[in-house]
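The values are calculated or read from the model by the stated rules, or taken from the named source; none is laboratory data. Everything quoted here is computed from the prediction, not taken from an experiment. Quick reminder, even Gly has a Cβ in these numbers, built from the backbone with ideal geometry, and neighbours come from all protein chains shown.
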Amino acid sequence: MFNQVHYQDYLNILKEELIPAQGCTEPIAVAYGAALAKQYLGCMPEHASIQASGNIIKNAKSVVVPNTGGLKGMQAAIIAGLVGGNADLGLEVLTQITADDIKEINTLMNTGLVKVEQLDTPTTLHFIVQANAGDKEVQVEIKYAHTNVVRVSENGKDIFVSDNEDDYASSLTDRSILSIAQILDFVEEAKLEDYKELLDLQIQYNMAIADEGLNNEYGINVGKSLIDFGNGSLESKVKGYTAAGSDARMAGCSLPVVTNSGSGNQGMTCSIPVITYAREKGIDYDTMMKALLLSNLVTIHIKTGLTRLSCYCGAVVAASGAAAGMVYLDGGSPQQIEMAIANVLGDLSGVVCDGAKESCATKIASSVDAAIMGKNLASQNKVYGHGCGIVEDDIEATIANVGKLGAVGMKETDQVILDIMTNINN
């Protein structure tokens, strides 16, 4: 039975984590910080710089920044934010960029306007943008979440300091109330009108970018290839539509997505398989919405144990949610839903994140394939159990193990990946 005391808390968690964003969230966050710095400066800076955590650099280095004419990397993100960014739009900061802005962005790329340095910080999502003009200097510091401004200073004097500068979690709804059992109870009791608007937007945005990826040339068109190779089978469509969304997004498509836990790829991976599966099987809207609600909450729950930006590939986390959602669509039991989640986590845990880029589409496709296989095994009541690697008999213990693996065990791997990327891409 769901604890009704936490009913509004669950809805608040969804609102905190399902956020619209245009483009990969790390370079977009950087563009947001730059646009905000310019806003405080009051003019176009003569010089700008950014100090950023390794994970920010890693995720911005190889992905196309929307509305820049195909430019990649931190410098492009900062310049785009300075030239045409609107900080009032949050993670949709670059949506108002014009053709003239794009020309200016490309011209400024070769002027040495921006300096990029790595920030020595234990926080994986952390950066400081500095903008200078004349005798005025502005710094904007963002930490923990993509638009969470913790400090703004002017000529070395703080003009804004966030209440959550050292404890971001305190500003969020308590995530400890999440568990697979409680999520399942909430899904059954939640009123559609309480989450309909939020999930309708996720359906609209994420399926639109999937269609865009299928109908146009982006990256190496992983999604379209999967559907063609699979002769349009149900499984190929579930994988193909999801991968196509990533094809488009990683190649700089300007269409927004609804993210999950700070990631557009996670937002697509936990939603598009469920939506596609339901539509292809002719499942009614209300049931699809419950399955989508389940998938989103499972993804949030597993991701909570990992750092915001982790070396643990977020597609695996979101695919676990998708597996749960597809089992729900098939009328599976709560036990089978837990089995499907465990099967995915027992399969692909250890897939590393080597930054946002076009090959994310293949990692997403592999993760969705694992979700389908995990679902199918669960439908036969087959599941990995205690003693099978990191998997435990208790699903919450398995999820805790995943959090420890990603947040603690993969720290050194994360730095090695950044070192490799820095050396081969310079």
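Checked across the range 178-189, the condition of being polar (S, T, N, Q), more than 30 Å from Gly325 (Cβ to Cβ) and touching a Phe, Trp or Tyr at 6+ places or on another chain (Cβ under 9 Å) holds for no residue.
Number of residues in the range 75-91 that are hydrophobic (A, V, I, L, M, F, W, C) and surrounded by fewer than 24 Cβ atoms within 10 Å (Cβ to Cβ): the value is 3. For the range 82-105, the criterion of being without any contact (Cβ under 8 Å) to a residue 40 or more places away in the chain and under 19 Å from Lys143 (Cβ atoms) is met by no residue.
Of the residues Ser271, Ser295, Ser246, which is in the same structural domain as Asp330 (by TED's automatic domain parsing) and over 20 Å from Ala342 (Cα atoms)? Spell out the reasoning first.
Details: Ser271 fails: over 20 Å from Ala342 (Cα atoms); Ser295 fails: over 20 Å from Ala342 (Cα atoms).
Of the residues listed, the single one that is in the same structural domain as Asp330 (by TED's automatic domain parsing) and over 20 Å from Ala342 (Cα atoms) is Ser246.
Looking only at residues of the range 181-210 that are in a helix (DSSP H, G or I) and free of Cβ contacts under 8 Å to residues at least 24 places away in the same chain, we find that the one that is farthest from Val238 (Cα to Cα) is Glu193. Screening the range 367-385 for residues that are outside any loop (DSSP other than H, G, I, E, B) and of a type in the set (Ser, Thr, Tyr) and picking the one that is nearest to Gly321 (Cα to Cα) gives Ser367.
Can you find a residue in the range 355-366 that is under 27 Å from Thr121 (Cβ atoms), out of contact with any Phe, Trp or Tyr (no Cβ under 8 Å at 6 or more places or on another chain), surrounded by fewer than 21 Cβ atoms within 10 Å (Cβ to Cβ) and aliphatic (A, V, I, L, M)? The answer is no; no qualifying residue exists. Filtered by the rule that a residue be in a helix (DSSP H, G or I), among the polar types (S, T, N, Q) and modelled with pLDDT of 95 or more, the range 49-105 gives a lone residue, Gln75.
Annotation: Asn265 fulfils all but one of (1) assigned to a helix (DSSP H, G or I); (2) at pLDDT below 95; (3) not β-branched (Val, Ile, Thr); the unmet one is (2). Put simply, of Phe160, Phe127 the only residue that is in contact with a strand residue (DSSP E or B) (Cβ under 9 Å, 6 or more places away or on another chain), of a type in the set (Phe, Trp, Tyr), at pLDDT 95 or above and over 23 Å from Ser261 (Cα atoms) is Phe160.
Summed over the range 211-231, the residues that are without any contact (Cβ under 8 Å) to a residue 40 or more places away in the chain, crowded, with 19+ Cβ neighbours inside 10 Å and in a helix (DSSP H, G or I) give a count of 3.
Condition check for Met288 on (1) in a helix (DSSP H, G or I); (2) under 18 Å from Ile180 (Cα atoms): one failure, at (2).
Every residue, every condition in (1) under 30 Å from Gly42 (Cα atoms); (2) of a type in the set (Asp, Glu), yes or no:
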position	(1), (2)
Val150	yes, no
Gly156	yes, no
Tyr168	yes, no
Glu189	no, yes
Asp200	no, yes
Tyr205	no, no
Glu217	no, yes
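Just one of the numbered conditions (1) surrounded by 24 or more Cβ atoms within 10 Å (Cβ to Cβ); (2) touching an Asp or Glu at 6+ places or on another chain (Cβ under 6 Å); (3) more than 30 Å from Glu193 (Cβ to Cβ); (4) touching a residue at least 40 places away in the same chain (Cβ under 8 Å) is not true of Leu234: (1). Against the condition under 22 Å from Leu18 (Cβ atoms), buried (at least 24 other Cβ atoms within 10 Å of the Cβ) and without any contact (Cβ under 8 Å) to a residue 60 or more places away in the chain, how does Gln266 come out, does it pass? It is true that Gln266 is under 22 Å from Leu18 (Cβ atoms), buried (at least 24 other Cβ atoms within 10 Å of the Cβ) and without any contact (Cβ under 8 Å) to a residue 60 or more places away in the chain.
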